[in-house]
1. List every residue pair whose Cβ atoms lie under 6 Å apart, where the two residues are 6 or more positions apart in sequence or sit on different chains, the first residue falls within segment 29-43 and is under 19 Å from HIS74 (Cα atoms), and the second residue, located anywhere, is open to solvent by 90 Å² or more (accessible area, probe 1.4 Å) and at pLDDT 95 or above.
2. Of the numbered conditions (1) of a type in the set (Ser, Thr, Tyr); (2) open to solvent by 70 Å² or more (accessible area, probe 1.4 Å); (3) touching a residue at least 12 places away in the same chain (Cβ under 8 Å), SER49 satisfies every one except a single condition; which is it?
3. Only one residue in SER30, SER35 is surrounded by 12 or more Cβ atoms within 10 Å (Cβ to Cβ), small (Gly, Ala, Ser) and under 27 Å from ILE10 (Cα atoms). Which one?
4. Just the residues that are open to solvent by less than 100 Å² (accessible area, probe 1.4 Å), touching a helix residue (DSSP H, G or I) at 6+ places or on another chain (Cβ under 9 Å) and not β-branched (Val, Ile, Thr), please, taken from segment 79-93.
5. If you scan segment 24-49, which residues turn out to be in contact with a strand residue (DSSP E or B) (Cβ under 9 Å, 6 or more places away or on another chain) and of a type in the set (A, V, I, L, M, F, W, C)?
6. Is it true that some residue in segment 9-18 is within 17 Å of the chain's Cα centre (by Cα), open to solvent by less than 80 Å² (accessible area, probe 1.4 Å), closer than 22 Å to PHE79 by Cα and in contact (Cβ under 8 Å) with a residue 12 or more places away in the chain?
7. Return yes when SER64 is open to solvent by less than 90 Å² (accessible area, probe 1.4 Å) and free of Cβ contacts under 8 Å to residues at least 60 places away in the same chain and no when it is not.
Amino acid sequence: MTKAEIVNEISNKTGIEKNAVQTIVEAFMSSVKASLSEDENVYLRGFGSFIVKERAEKTARNISKKQTIVIPAHKIPAFKPCKTFMNSVKKIK
């Protein structure tokens with residue numbers, strides 16, 4: 001499902017104009033991005049959590065150049081769904 005499809009579905013269910021829904025969806029996404037960039041997790045009860053994970057430093061190999069490189073420790077965004085969300089996807093009641 002794309003962002004445009006999400007906007008259409010919300011607009012159809014709520015009766016709000018598509019332009020307003022798109023503005024709200026984009027504001028939500030920018031709020032999540034801003035929070036994660038400041039190392040703040042976002043918790044949505046009944047849905048899941050957008051969290052910042054920290055990856056440790058590791059050694060990798062460039063096979064074509066036969067060279068070893070070190071990938072420094074870094075942070076990545078991740079999504080952790082809540083238990084009810086996971087069960088609904090798995091079709092468990």
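1. Close Cβ pairs (under 6 Å, with a partner that is open to solvent by 90 Å² or more (accessible area, probe 1.4 Å) and at pLDDT 95 or above) amount to LEU36/PRO77.
2. Tallying (1) of a type in the set (Ser, Thr, Tyr); (2) open to solvent by 70 Å² or more (accessible area, probe 1.4 Å); (3) touching a residue at least 12 places away in the same chain (Cβ under 8 Å), SER49 fails exactly one: (2).
3. Numbers: SER30 fails: surrounded by 12 or more Cβ atoms within 10 Å (Cβ to Cβ).
The conditions single out SER35.
4. Matches in segment 79-93: PRO81 only.
5. If the condition is that a residue be in contact with a strand residue (DSSP E or B) (Cβ under 9 Å, 6 or more places away or on another chain) and of a type in the set (A, V, I, L, M, F, W, C), then VAL32, LEU36, VAL42, LEU44, PHE47 are the ones that fit.
6. Looking for residues that are within 17 Å of the chain's Cα centre (by Cα), open to solvent by less than 80 Å² (accessible area, probe 1.4 Å), closer than 22 Å to PHE79 by Cα and in contact (Cβ under 8 Å) with a residue 12 or more places away in the chain, one finds none in segment 9-18, hence no.
7. no
The values are calculated or read from the model by the stated rules, or taken from the named source; none is laboratory data. Treat the numbers as computed from the prediction; the structure is a model and nothing was measured. Neighbour counts are summed over all protein chains in view; Cβ atoms, including those assigned to glycine, are modelled from backbone coordinates with ideal geometry. What goes into the accessible areas is simple: the full protein's heavy atoms, side chains included, and nothing from ligands, DNA or RNA. Shrake-Rupley method; radii C 1.70, N 1.55, O 1.52, S 1.80 Å.
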